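What follows draws every value from the coordinates through simple rules; no lab data is involved. Keep in mind the model is a prediction, meaning the values are calculated, not measured. Cβ placement follows ideal geometry from the backbone for every residue including glycine, while neighbour counts extend to all protein chains displayed.
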There are 2 protein chains.
Amino acid sequence: MNWQEIIGIVAGCCTTIAFLPQVIKTWKSKSAKDLSLSMFLIFFTGVLLWLTYGILISDIPVILANGATLVLSGILLFFKIRFK
Amino acid sequence: MNWQEIIGIVAGCCTTIAFLPQVIKTWKSKSAKDLSLSMFLIFFTGVLLWLTYGILISDIPVILANGATLVLSGILLFFKIRFK
């Protein structure tokens with residue numbers, strides 16, 4: 001693994017882990033009033049396309065980061081619909 | 001531009017545009033109570049690293065998407081600190 005890939009992996013960890021506090025916060029408060037549904041719908045689609053792009057260009061950091069972010073943003077999307 | 005790059009650009013547009021409704025919603029409501037500060041701090045750092053990674057691997061979709069997302073997530077971070 002070269003240093004470019006390391007930066008990519010760290011970047012992926014940050015943008016993935018970033019969703020964890022939001023998932024925990026929303027789960028605890030059972031409130032998603034201030035979260036934008038349009039945001040999460042468009043974001044979820046974008047992450048799905050990034051995953052596709054990562055697979056097409058065979059870029060490991062892009063694949064790993066977007067695979068994980070897809071799961072977490074999917075959970076937030078579910079909370080937003082569930083809790084209103 | 002090949003079709004891989006087109007998917008990358010569309011993916012980048014989605015994950016960038018996704019922040020616009022949240023920026024508008026937070027600006028209108030002047031409320032960011034349900035937004036997680038830790039989320040936006042870690043996310044902002046991650047996007048900065050993705051931009052660095054994009055420059056290192058000379059990947060246009062990664063550079064464009066993360067450059068734009070850096071600006072929008074920076075605005076949200078400012079709102080979160082400003083509005084509480």
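The other copies place their B:Glu5 label points at 2.6 nm from this one, listed shortest first, where each point is 7 Å from Cα along Cα→Cβ.
Using the Cβ of A:Ala65 as centre and a radius below 13 Å, the other residues enclosed give a net charge of -2, where K and R count +1 and D and E count -1. Distances from A:Lys33 to itself in the other copies, using label points 7 Å out along the Cα-Cβ axis, amount to 0.5 nm in increasing order. Copy B relates to copy A by a rotation, and the B residue whose beta-carbon is nearest that axis, with the distance in whole angstrom, is B:Asp34, 2.
Note on the protein assembly as shown: helix-only mean residue ellipticity at 222 nm, from DSSP H runs of 4+ residues weighted -39500 (n - 2.57) and normalised by residue number, equals -28000 deg cm²/dmol. Helix A:19-29 and the long axis of chain A differ in direction by around 10°, with both axes built from C-alpha atoms.
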